[in-house]
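See below for the structure under consideration.
The values are calculated or read from the model by the stated rules, or taken from the named source; none is laboratory data. Fair warning: this is a prediction, and the values are worked out from it, not measured in the lab. Virtual Cβ from ideal backbone geometry, glycine too; neighbours counted across all protein chains shown. Just so you know, the surface numbers come from the protein's heavy atoms only, side chains and all, with ligands and any DNA or RNA stripped out. Shrake-Rupley method; radii C 1.70, N 1.55, O 1.52, S 1.80 Å.
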Amino acid sequence: METKAVDEAGPGTGAETTNGKENEERTEAAEAAEATETRTEAARDEVPAGEAHDEESAVEHSAEAAEVPAEDGSEEAVTEGPSGVGQGAGAVVSAGLGIVSLTGGWISGVASARETLVGQLHTSTSSASVAEQIKMVYGNAWQATALWGGLFALAALLVGAVVLVRPVFGAPGKPQVPWVKSVAWGGMALGAVGLVLAVLKYTDVLLGLPSVG
């Protein structure tokens with residue numbers, strides 16, 4: 001009876017030992033697999049981080065390289081390119097001169113009054129005919145007004161032409177502001193009309209002196 005008990009206990013103990021070894025081997029294999037997966041994940045995490053750092057560095061360098069030419073180009077454009085303020089002022093001056101050529105102005109009024117005064121002085125000290133008196137007192141004053149109007153008209157034409165031609169001698173490829181062109185063309189148009197009227201007044205074609213019969 002004792003022998004059988006020993007025999008029965010012996011195989012059970014060997015089975016338990018075998019099962020314990022298998023469990024330990026399985027545990028070690030699982031731990032090794034987990035360690036391998038952990039290393040793989042760490043390696044995967046490290047590689048994108050380095051690549052992302054490299055990409056960020058490349059982007060920063062490219063941005064800095066792009067900013068430097070842009071700043072240089074803008075500074076060159078500011079320093080070299082014309083601002084257009086002078087052209088705008090010239091266009092306004094041309095239009096103003098064209099208006100003065102049509103309406104007269106204080107210079108034309110002073111010149112006309114002076115010629116009238118000179119004519120009165122000449123006629124008062126001489127025995128001139130009626131036609132000569134009219135010419136000295138009114139004709140000369142009318143021609144003085146026409147002369148100054150023509151000078152203002154010529155000035156308007158010249159200033160307007162300079163404003164319109166100025167972009168040709170400036171920075172290439174930079175268009176002129178539209179309103180500058182419009183005002184300059186308006187000044188030239190007024191100057192042309194004023195010049196025609198001045199010639200007609202000076203030659204007595206327009207509002208000539210009355211004839212004495």
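Residue check: is Gly194 within 30 Å of Gly88 (Cβ to Cβ) and surrounded by 15 or more Cβ atoms within 10 Å (Cβ to Cβ)? Steps first, answer last, please.
Values: within 30 Å of Gly88 (Cβ to Cβ): yes; surrounded by 15 or more Cβ atoms within 10 Å (Cβ to Cβ): yes.
Judged against the criteria, Gly194 is a match.
Suppose we filter Val199, Val183 for residues that are crowded, with 16+ Cβ neighbours inside 10 Å, under 24 Å from Gly149 (Cα atoms), among the β-branched types (Val, Ile, Thr) and touching a residue at least 12 places away in the same chain (Cβ under 8 Å); which single one remains?
Of Val199, Val183, the one residue that is crowded, with 16+ Cβ neighbours inside 10 Å, under 24 Å from Gly149 (Cα atoms), among the β-branched types (Val, Ile, Thr) and touching a residue at least 12 places away in the same chain (Cβ under 8 Å) is Val183.
Could you tell me which residue of region 107-136 is farthest from Leu151 (Cα to Cα), considering only residues that are assigned to a loop (DSSP other than H, G, I, E, B) and not hydrophobic (A, V, I, L, M, F, W, C)?
Just the residues of region 107-136 that are assigned to a loop (DSSP other than H, G, I, E, B), to begin with: 125-129.
Still in the list and also not hydrophobic (A, V, I, L, M, F, W, C): 125-127, 129.
Numbers: Thr125: 33, Ser126: 33, Ser127: 34, Ser129: 32 Å.
So the residue we want is Ser127.
From the list Gly119, Gly96, Gly187, Gly160, which residue is under 20 Å from Gly84 (Cβ atoms), touching a Phe, Trp or Tyr at 6+ places or on another chain (Cβ under 9 Å) and small (Gly, Ala, Ser)? Let's see the steps before the verdict.
Numbers: Gly119 fails: under 20 Å from Gly84 (Cβ atoms); Gly96 fails: touching a Phe, Trp or Tyr at 6+ places or on another chain (Cβ under 9 Å); Gly187 fails: touching a Phe, Trp or Tyr at 6+ places or on another chain (Cβ under 9 Å).
Every option except Gly160 fails the conditions.
Name the pairs whose Cβ atoms lie under 6 Å apart, with the first residue in region 140-168 and β-branched (Val, Ile, Thr), the second open to solvent by less than 70 Å² (accessible area, probe 1.4 Å) and part of a helix (DSSP H, G or I), and 6 or more positions between them or separate chains?
Close Cβ pairs satisfying both conditions: Thr145/Ser108; Thr145/Ser112; Val159/Gly90; Val159/Ser94; Val163/Gln87; Val163/Gly90; Val163/Ala91; Val163/Ala184.
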